[in-house]
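Please read the structure below before turning to the comments.
The values are calculated or read from the model by the stated rules, or taken from the named source; none is laboratory data. Given the structure is predicted, the values throughout are model-derived calculations rather than measurements. Heads up, the Cβs are rebuilt from the backbone with ideal geometry, glycines too, and the neighbour counts pull from every protein chain shown. Note: accessible area is taken over every heavy atom of the protein model, side chains too, but ligands, DNA and RNA are not part of it. Shrake-Rupley method; radii C 1.70, N 1.55, O 1.52, S 1.80 Å.
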Amino acid sequence: MKISKLTLALAFLHSGDAFSNSRPSQPATLSISTVHNRRNGGGIFMSTTSTDASSTTTQSEELANTMTKMKQVLAKEYISFFNPMVDSWYAPDVSFDDPLTSLSGVDSYRKNVDMLAGRTLMGKILFDDAGINLHSVTGGAITETNGNIEIANVITRWTLRVTAKVLPWKPEAVFSGVSVYKLQPGGKEGITIVGQTDYWDSINIKEGTDSSMPLTQYTKVPKTAAVQDFLGQLQPDGFRAVAAAPELPFLLLRRGDGYELRKYPGFVGIETPYERRDFGFGSLGAFAQGMSPMAPSIMKVYNDNDAAVPKDKTMMWPLQYSNPGEGGEAPAPPSDAVEKAGAGGQWRAISLASQSERVIAIRTFEDAAMGPVVRGTERELRAMLKRDGLTPLEGSEEFVVFTQYDAVHSMGKRRSEVWVELKDGGHPF
């Protein structure tokens with residue numbers, strides 16, 4: 001197999017639409033922010049010749065209603081993987097541009113998406129399990145200035161994952177980012193999409209920029225960077241260690257440069273202090289028999305080695321999580337866990353613990369989870385967050401949180417992570 005041919009075949013992977021990581025788990029957020037979009041620019045002006053100010057106001061109101069409808073259409077297109085694509089909202093010569101590909105025309109775009117989704121013969125050969133999560137649809141404010149009407153850009157945030165089944169080891173590629181839609185008044189629906197530009201979180205974010213300002217945070221890069229990013233995800237993963245348990249589910253919000261952002265649901269679990277991790281595993285394992293605990297094991301270690309009385313290190317295992325639609329708080333703990341935790345005796349060191357829904361920054365490491373490795377990985381993660389305009393939760397620097405997914409003493413490539421919780425408003429999700 002020649003990698004050059006594979007690159008050409010798979011270079012069609014990601015056309016100029018908004019994508020996401022897995023099957024949609026929540027509806028898109030539809031919002032219009034005049035201040036946000038005027039600060040970011042990128043609007044289209046429409047002059048009015050009427051001297052009657054009320055006619056301009058009426059026109060603005062009509063366009064605002066049309067904009068709301070257009071956002072709803074976009075959300076439906078993403079959730080259905082553009083099946084169907086509603087042509088009436090697009091200019092016949094609409095342009096699509098992303099880090100890998102540049103296309104022109106509705107038909108070219110539709111064919112590209114159909115291939116990715118496995119709706120064409122080539123797509124059935126190359127790809128499988130393509131899935132989208134649309135995180136938000138924002139922008140599109142309608143404003144008036146001196147008799148002119150401005151339509152600001154619409155911006156979507158998304159995550160896409162797809163399996164390259166053409167390769168024997170069937171690697172999964174994940175992309176996240178934003179799409180910027182350029183609009184103008186007119187056309188069959190009243191507003192027409194005339195251009196769309198996609199950016200990836202992994203290669204297009206400018207260092208030191210504000211994560212709430214996508215039109216200034218993202219910049220174009222050479223296509224070679226996109227090819228390298230894509231091919232890097234197609235490499236064989238090697239022999240991996242056996243997972244200790246089914247994994248706590250999450251929504252992948254971003255695959256960034258060296259880290260991920262995930263939204264975890266509220267969950268309840270069991271927790272114990274520990275001196276040695278193998279003792280912690282043993283205690284929680286004995287307590288949780290018959291309870292179906294989930295991975296990962298979540299360890300919290302305070303940075304207080306110089307304290308007169310250092311705080312305990314703790315280990316937590318998730319037991320149960322809130323399903324979509326049940327809110328962001330943790331669910332009630334299983335009754336058998338409540339009974340055991342309140343019994344004292346041999347279980348006196350184990351307590352119930354819970355976490356509400358939150359956004360976590362993640363950096364993975366494969367070396368043994370020793371103190372210097374864990375703290376070094378956390379320093380790297382915090383530097384990446386600062387670089388990309390993301391803000392950790394206040395006080396989180398007082399401790400380090402790391403996780404382990406593999407069964408104790410299992411062989412193979414191990415998976416461990418450092419977690420840093422992000423502040424509400426300290427990220428664009």
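Worth a mention:
- Checked against the criterion of being in a loop (DSSP other than H, G, I, E, B) and free of Cβ contacts under 8 Å to residues at least 12 places away in the same chain, segment 277-296 has at least one qualifying residue.
- For beta carbons closer than 8 Å, sequence separation of 6+ or different chains, a first residue in segment 50-67 that is modelled with pLDDT under 70 and a second that is surrounded by fewer than 12 Cβ atoms within 10 Å (Cβ to Cβ), the qualifying pairs are T56/S50.
This table checks each residue for (1) at pLDDT below 95; (2) over 30 Å from S211 (Cβ atoms).
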| position | (1), (2) |
| --- | --- |
| R240 | yes, yes |
| R254 | no, no |
| Y259 | no, no |
| P273 | no, yes |
| F279 | yes, yes |
| V301 | no, no |
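- Conditions (1) out of contact with any Pro (no Cβ under 6 Å at 6 or more places or on another chain); (2) not in a helix (DSSP H, G or I): number failed by V268: (1)
- In segment 323-338, residue least open to solvent (accessible area, probe 1.4 Å) [restricted to those that are over 22 Å from Q404 (Cα atoms), small (G, A, S) and in a loop (DSSP other than H, G, I, E, B)]: G328
- Among residues of segment 217-252, those that are more than 18 Å from the chain's Cα centre (by Cα) and open to solvent by 20 Å² or more (accessible area, probe 1.4 Å), counted: 22
- Residues satisfying the criterion are absent from segment 123-131 (criterion: within 27 Å of P185 (Cβ to Cβ), of a type in the set (K, R) and outside any strand (DSSP E or B)).
- Within segment 275-317, the residues that satisfy the criterion of being within 22 Å of I360 (Cβ to Cβ) and of a type in the set (K, R) are R277, K300, K311, K313.
- Of the numbered criteria (1) open to solvent by less than 40 Å² (accessible area, probe 1.4 Å); (2) part of a loop (DSSP other than H, G, I, E, B), the one T377 fails is (2).
- Residue in segment 253-261 that is within 23 Å of P392 (Cβ to Cβ), open to solvent by 50 Å² or more (accessible area, probe 1.4 Å) and touching a Phe, Trp or Tyr at 6+ places or on another chain (Cβ under 8 Å) present: no
- Selected residue (criterion: nearest to L390 (Cα to Cα)) from residues of segment 344-360 that are surrounded by fewer than 18 Cβ atoms within 10 Å (Cβ to Cβ) and within 26 Å of the chain's Cα centre (by Cα): R358
- Residue in segment 166-175 that is touching a Phe, Trp or Tyr at 6+ places or on another chain (Cβ under 7 Å) and either in contact (Cβ under 8 Å) with a residue 24 or more places away in the chain or of a type in the set (S, T, N, Q) (or both) present: yes
- Flag: L393 does not match the condition of being within 18 Å of the chain's Cα centre (by Cα), in contact (Cβ under 8 Å) with a residue 12 or more places away in the chain and surrounded by 14 or more Cβ atoms within 10 Å (Cβ to Cβ).
- Qualifying residue in segment 194-216 (condition: touching a Gly at 6+ places or on another chain (Cβ under 6 Å), among the polar types (S, T, N, Q), open to solvent by less than 40 Å² (accessible area, probe 1.4 Å) and in a strand (DSSP E or B)): yes
- Among the residues of segment 340-370, those that are in a loop (DSSP other than H, G, I, E, B) and among the charged types (D, E, K, R) comprise R348, E357, E366, D367.
- Out of A295, A368, A308, A341, one residue alone is among the small types (G, A, S), modelled with pLDDT under 95 and surrounded by 17 or more Cβ atoms within 10 Å (Cβ to Cβ). It is A341.
- Enumeration of residues in segment 117-144 that are without any contact (Cβ under 8 Å) to a residue 12 or more places away in the chain and either closer than 17 Å to S80 by Cβ or hydroxyl-bearing (S, T, Y) (or both): T120, G123
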